[in-house]
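What follows is a short report on a single structure.
Just so you know, all these numbers are worked out from the coordinates, no wet-lab data involved. Here the structure is a predicted model, which means the values were calculated and not measured. Neighbour counts are summed over all protein chains in view; Cβ atoms, including those assigned to glycine, are modelled from backbone coordinates with ideal geometry.
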Amino acid sequence: MSALQEYLRFTVTLVAVLDPFLAVPIFLSLTAAADAAGRRRLVNAVTLTVFLVLAGAAIFGEPLLKLIGASLPGFQVGGGLVLLLMALAMLNAEAGKVRQNPEEEAELESKGQGQGDLTGVVPLAIPLLAGPGAIGTTIIAAQAGGAMHVAALIGCVLLVSALLWTVLRVAGPIGRRMGTTGLNIATRLLGLLLAAIAIEMMASGLKALLPGLA
C-alpha cells in the first residue's frame, strides 16, 4: 500500500470514527437556546479540542505505549475491538456506551438546558467525538514512521477537523434537510465501513501475536 493510500485510509477511518453526522442532533439539542455567536464559539472550541487531542495522540502515542509496555499488535487487537463495538452501535444509529455512557449523556442534556451556558466541550468533544476509538486509531497509525509521518498524520487530523467544523457550523440546515432518518442512514453507512476496518485491524494484530494464524 502506497503512502498516499495509507493517509487516505487513515483519513476515511477517522471520519468514520468521529461520525460528524452523529454529533449533529446532539449539537442542535445542546445549542437550542443559544444565539448564533454562542453556537459559533462552541463549534470552534469543540473542533479545536478534537484537533489537539488527536494531534497529541499522534505525537505522544508511541512513548505512551512504550511507557506502559504495550505491544503494537496487542494495541491493534484492543483498538480494533473498541472500533467494532462503536461500529455495532452506529449500525443501530446509536452513540453507544463506548462513546457516551448514561451519566455523560445526562450531563450533556443538562448543559443543553442551560441559559446559553455552552460548556459542552466535555463530553461533546471528549469522549463523544475524540474518544477511545479516535485516539486509538491515531496512536496505531502513528507507529509506522518518524517525524515526517507524524506530521502527515497531523495534517490528516487537521483535514478531518475542518470537515467536522464545517458540518457543525451548518448543523441546522443539515438537520432540517436530512432529518432524523437521513442522519441515521449516514451513521449506519459509516458504521458498516468502520466494522470492516475494525475487523481488519484486529486480524492484523492477531496475525502478529499468533503467527500460526497467518
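Fewest Cβ neighbours within 10 Å first, please rank ASP19, ASP35 accordingly.
Ranking ASP19, ASP35 by Cβ neighbours within 10 Å, fewest first, gives ASP35, ASP19.
At a 10 Å Cβ-Cβ cut-off, how would you order LEU85, LEU153, LEU209, LEU183, fewest neighbours first?
In order of increasing Cβ crowding within 10 Å: LEU209, LEU85, LEU183, LEU153.
For a footprinting-style exposure proxy, rank MET201, MET178, MET86, MET148 by other Cβ within 10 Å, fewest first.
MET148, MET178, MET201, MET86
In percent, how large is the relative contact order of the chain, given Cα pairs closer than 8 Å and 6 or more residues apart?
Answer for the chain is 43 percent.
Under the rule a/c < 1.5 gives rounded, and otherwise a/b versus b/c splits prolate from oblate, where does the stretch 19-99 land using the Cα gyration tensor?
oblate
Could you let me know the centre-to-centre spacing of the stretch 59-80 and the stretch 163-188, using Cα atoms, in angstrom?
Between the Cα centres of the stretch 59-80 and the stretch 163-188 lies a distance of 34 Å.
Given q = 0.17, 0.26 Å⁻¹, what are the Debye log10 I(q)/I(0) values for the stretch 1-59, with equal point scatterers placed on the Cα positions and solvent ignored?
For the requested q values the scattering log ratios are -0.72, -1.12.
How big is the gap, in Å, between the Cα center of the stretch 1-35 and the Cα center of the stretch 195-209?
Answer, in whole Å: 22.
Through the Karplus equation 6.51 cos²θ - 1.76 cosθ + 1.60, θ set to phi - 60°, convert the phi angles of the stretch 124-138 into ³J(HN,Hα) values in whole Hz; use x for Gly and Pro.
Taking θ as phi minus 60°, the curve returns 6, 6, 10, x, 5, 9, 8, x, x, x, 5, 5, x, 4, 5 Hz for the stretch 124-138.
What are the extents of the Cα atoms of the chain along their three principal axes, listed from largest to smallest and rounded to whole Å?
57, 33, 32
Using the Karplus equation 6.51 cos²θ - 1.76 cosθ + 1.60 (θ = phi - 60°), what ³J(HN,Hα) coupling, rounded to whole Hz, does each residue of the stretch 148-161 give in order, writing x for Gly and Pro?
5, 5, 4, 4, 5, 5, 5, x, 5, 4, 4, 5, 5, 5
Compute from the Cα atoms of the stretch 152-214 the Rg and the Dmax, the latter being the longest Cα-Cα distance, and quote both in angstrom.
Rg then Dmax for the stretch 152-214, in Å: 17.4, 53.
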